[in-house]
1. Express in nm, to one decimal, how much length is gained between A:Glu130 and A:Leu212 on full extension, taking 0.36 nm for each residue of separation and deducting their alpha carbon distance.
2. In whole angstrom, and with the biggest value first, how far do the Cα coordinates of the stretch A:8-51 range along each principal axis?
3. Any idea what log10 I(q)/I(0) is at q = 0.11, 0.16, 0.19 Å⁻¹ for the stretch A:207-350, Debye with uniform C-alpha scatterers and no solvent?
4. Past 19 Å, Cα to Cα: identify those pairs from A:Lys14/A:Lys48; B:Lys140/B:Lys312; B:Lys186/B:Lys214; A:Lys282/B:Lys214, in the order given.
5. What FRET efficiency would be calculated for the residue pair A:Glu109, A:Arg199, taking the C-beta separation as r and a Förster radius of 25 Å, to the nearest 0.05?
6. Normalised by the residues of the stretch B:8-51, what does the relative contact order come to in percent, with Cα pairs under 8 Å and at least six apart?
7. Counting other beta carbons within 10 Å of each Cβ, put B:Glu193, B:Glu297 in order, fewest first.
8. Which value, to two decimals, describes the C-alpha radius of gyration of the stretch A:96-157 once divided by 2.2 N^0.38 Å?
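No value in this document is a laboratory result; all are computed from the given coordinates. Quantities reported herein were computed from a predicted structural model and do not represent experimental measurements. Cβ placement follows ideal geometry from the backbone for every residue including glycine, while neighbour counts extend to all protein chains displayed.
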There are 2 protein chains.
Amino acid sequence: MTDIRSSIIDVAKKAGVSIATVSRVLNESDKVKPETREIVLAVINEMKYAPSPAARGLIMRKTEAIGLLLPDLHGEFFSEIIRGADATIQHQGYHLIVSSSHNDPKEIEAALRFMRGRVDGLVVMSPQVESELLLDTLPKSLPVVLLNCHINNPHFDTIVTDGFGGARDMVSYLFSLGHTRIAVVKGGENNIESQERLRGYRSAFATHGVPLNKAYEFDGDFTEASGFEAAREILELEERPSAIFTFNDSMAIGAIGAIRDAGLRIPNDISVCGFDDIPVAKYLSPSLTSVHVPIHELGAMAISRVFDRLHKRTKGDAAHIFVPTTLSIRNSCKKLNGKSTQEKEMIILR
Amino acid sequence: MTDIRSSIIDVAKKAGVSIATVSRVLNESDKVKPETREIVLAVINEMKYAPSPAARGLIMRKTEAIGLLLPDLHGEFFSEIIRGADATIQHQGYHLIVSSSHNDPKEIEAALRFMRGRVDGLVVMSPQVESELLLDTLPKSLPVVLLNCHINNPHFDTIVTDGFGGARDMVSYLFSLGHTRIAVVKGGENNIESQERLRGYRSAFATHGVPLNKAYEFDGDFTEASGFEAAREILELEERPSAIFTFNDSMAIGAIGAIRDAGLRIPNDISVCGFDDIPVAKYLSPSLTSVHVPIHELGAMAISRVFDRLHKRTKGDAAHIFVPTTLSIRNSCKKLNGKSTQEKEMIILR
DNA sequence: AATCGTCATGTAAACGTTTACATTTTAGCT
DNA sequence: AGCTAAAATGTAAACGTTTACATGACGATT
């Protein structure tokens, strides 16, 4: 058990050198005699001394931490982002600080305030965040990468996944299977990602000349429970849809539970597909068809981008990376009568 | 966009007061005239000044952060721990710093070193951690709560879930359904939680006088993929077990995928049960029977404990909390012929 | 012996904030 | 107006580290 009160002054005294020499030893300067180094290291070990991050941070102006601000921490989607970020940060001399804003503007601000001064770079994934808040709260010199924030500001590097295209393609795929009555479970009024996906859903209807049915649009909040509830309502419709498309896999999983409880079979009685393609999707019964988002890679990409800025590998104008989505076709969607297999393959290869 | 270089000195100069007055305004001292306060706050807002956490930490010796060190970050189990911790820390004037040790001793040490000086309290969930490392690395004054670490040291508060009892009861429940050929997917050689659960599994066999079959013990690593692989091997056994018990739900989900791919039905052809009762378990088809661990509450409890120490609400001897597990009986386990329903109810109500 | 250059080490200031104690200002009373 | 006490504000030191520049020691050369 070490005592927080031992400082570099105590170590220097005990080793019989100056505090500068102790600092040099700690920071691996070559301006120290090997014999002196040995002595100092022995004292450091004996006293179990560790430098104060606050003092170091104050003088060096770096914290050796990278912040990751997420809208929520629930489930595999976010744990995959974190894992990608974490894997990328490994062995880079930095640590990851994860925080959640609970999708609340006040809490976004509080989290940003906390991060400021505590991180050397920041990844923000928050559909609700506005560039003004970021500009007001964060120092100009802090590398910031926005992930699915839909902010177009020349100051920030952004990475955005193609929610519109993914949803459009999934609905097109369902059309190719013969489905025209397709219910959708959305992700919330203020959620820009949900809005993009809804736009894709509607776009596919327009493109294929299939009439839209507003009664097939249901509210959810990206949780399993909200997907369960929405599916229960969907199953009670007079004219039941032949497929349910949820805007994330967690809601698809909840919908699967409701369908199971209603004694219906997937995909025989009703097809289900989701968005994100979280790792669990492939193990479900049946395996879930989902818009594939390279989640782990998103986290990795964002952190890489921060490092590029931090290590001056990238300067100048902000980069805007658009990450395409693909379809992971599995077994949760049934082909209805009347469509050919060729159409299915055409969509996948797009 | 704020400039990192504006300091309390700049604010004081612009407001025409001393730095102590600015500090008093920032820290809501009542020793400031309202008129003076207004002036200073206006300047602070205009300059978008925020205090340096490093400087504050250096003088106040607190960071306003609580650390949570997990063995891994994958999936709903850990995201539920984080969520419980996060919910408990809300509005307490602290933020959560999450880190992962990847179950590697070197990385445990690195993470502890990073946390030291950056957190005011710490929750450690790491089966592999040893008390000597904690004692060597962390200051005596830092509140530390160990979660499922199986360390018995008078210095640390501990919270331990009943892995032994949960596994024993699950196996007993399977016996009550008539299963005697029960395969188990373990969680890794060095994992103490897996060892406790294995001990419970074996204990139930001994208690019920059912012969143990070492060929039914399979290695996994708590991931879906390892559960998938283990189940594939299990399904190829000459004398196939009638039930698979995995030491966490992620492996159960993987096993479900392998069973599905083999064209078998759960529970008609083979029963499956897991451990932890992560949120997704109840939505699976069929819903998964699992040893219920109050995951979210664990995270909450651990943080509460840290706060108790931090706010001096608890002093003296370390507390050791033992958290019982219960069974969440759902639909993934079939009753074989020959056992009564009364035995089933008796086990649940224990 | 004196001088010069290199290496190793030490001294002092800086970083940005908080706060104990000193000083000034203000309000109320005589 | 003068005095007193309380309120408000200011000064200076502290916190623990890093590092620019100063200093001292040593070896080589003339």
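1. Between A:Glu130 and A:Leu212, full extension yields an extra 26.3 nm.
2. Result, largest extent first: 23, 17, 15 Å.
3. Treating every Cα as an identical point scatterer, log10 I(q)/I(0) equals -0.52, -0.91, -1.15.
4. A:Lys282/B:Lys214
5. E between A:Glu109 and A:Arg199, to the nearest 0.05, is 0.30.
6. Numbers: 33 pairs, mean separation 18.2, N = 44.
Answer for the stretch B:8-51 is 41 percent.
7. The order, fewest Cβ neighbours first, is B:Glu297, B:Glu193.
8. Numbers: Rg = 10.4 Å, N = 62, 2.2 N^0.38 = 10.6 Å.
For the stretch A:96-157, the normalised Cα radius of gyration is 0.99.
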